[in-house]
Amino acid sequence: MQTDELARLIAGDIPEGAYVNLGIGRPTAIARYLKPDSGVILHTENGMLGMGEVVGAEEADRDLTNAGKQPVTELPGAAYFHHADSFAMMRGGHLDVCVMGAFQVSADGDLANWHTGAPDAIPAVGGAMDLAVGAKEVWVMMTLFTKTGEPKLVPSCTYPLTGKACVTRVYTDMATFLITPDGIRVRETHDVSRDELADRLDVPLL
């Protein structure tokens, strides 16, 4: 499943009227597929509620950007506020859902998405740790395997953690998983069988 297809799937799962933060990278595509009448309000940690989708240079307003410094639109009723107030929203449990990328997610829902430990990597946790503990639901959007074929859904994370036991759903190019108290449940697969997934992953699948 390609990024746009996955973004459309996630957009359809976001409850009507939810306050949502979309992480840097792939998750920003979700904004394109939210229905105008859904009532979903997008939050960006640099201080905006009512954010629209990412736009090209011809439509860009240099004063309107998301947390990844990409130009975005504003929707009717959009509001702006201090960075500290934005983080208070994140930490205070005022966001219903956040969708972030990840390097690894563990079977217990631990999230690692800010540093691989590689000597030449630039660690940048940003607001991810605040979202991981503050949002009511943490969803991850990622590829299921690395470029070298290693699983990113793992028994336990080997990279530095962003948050513990925080992830409730994992949307990948090959399947959607629910992280439950009983273990990892496969909600649906995309062009692959459940048995094929079980053979390639080191975690038990319900």
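Just a few scattered comments:
- The residues of the stretch 51-177 expose, per residue, 49 Å² of accessible area to a 1.4 Å probe.
- Formal net charge of residues neighbouring Glu59 (Cβ-Cβ distance under 15 Å; K, R +1; D, E -1): -3
- The residue list Leu95, Thr116, Val40 was ranked by how far each Cα lies along the charge dipole of the chain toward its positive end, using unit charges on Cβ atoms, and Thr116 comes out on top.
- Each residue of the stretch 144-150 was assigned a 3J(HN,Hα) from its phi angle through the Karplus expression (A = 6.51, B = -1.76, C = 1.60, θ = phi - 60°), giving 6, 10, 6, 4, 9, x, 8 Hz with x at Gly and Pro.
- Folded to 0 to 90 degrees: helix 3-13 orientation relative to the chain principal axis, Cα: 80
- A simple packing score, the average count of other Cβ atoms within 10 Å per residue, orders the peptides 114-120, 199-205 as 199-205, 114-120, with the highest score first.
- The spacing between the stretch 72-144 and the stretch 1-39, judged by their C-alpha centroids, is 15 Å.
- Sulfur and carbon atoms: percent of accessible area, the chain [1.4 Å]: 51
- Calculated accessible area for the stretch 1-45 comes out at 50 Å² per residue, all protein chains present (probe 1.4 Å; ligands, DNA, RNA ignored).
- Recomputing Cα Rg over 2.2 N^0.38 Å from the coordinates shown identifies the correct label among (i) 1.06; (ii) 1.22; (iii) 1.01 as (iii).
- Close amide-amide hydrogen proximity is noted between Tyr19 and Ile41, Asp96, Val97, each under 5 Å apart and 5 or more residues distant or on a separate chain (H modeled in the peptide plane; Pro and chain starts excluded).
- Here the Karplus curve 6.51 cos²θ - 1.76 cosθ + 1.60, taken at θ = phi - 60°, turns the phi angles of the stretch 122-136 into couplings of 9, x, 8, 6, x, x, 4, 5, 5, 5, 4, 9, x, 6, 5 Hz, with x standing for Gly and Pro.
- Mean Cβ count within 10 Å, highest first, over the residues of peptides 87-100, 136-149, 178-191: 87-100, 136-149, 178-191
- Taking label positions 7 Å along the Cα-Cβ direction at both Glu188 and Arg62, the computed distance is 4.3 nm, reported to one decimal.
- Spin-label model distance (nm) - Ala121 vs Asp199, 7 Å beyond Cα toward Cβ: 3.0
- P(r) of the stretch 58-167 over all Cα-Cα pairs, binned every 10 Å from zero, in whole percent: 13, 38, 32, 16, 2
The values are calculated or read from the model by the stated rules, or taken from the named source; none is laboratory data. Note that the coordinates shown come from a computational prediction; the quantities given were computed from them, not determined experimentally. Positions of Cβ are generated from backbone atoms using ideal geometry, with glycine treated the same way; all protein chains shown enter the neighbour counts. Accessible surface is based on the protein model in full, side chains and every heavy atom, while ligands, DNA and RNA are left aside. Shrake-Rupley method; radii C 1.70, N 1.55, O 1.52, S 1.80 Å.
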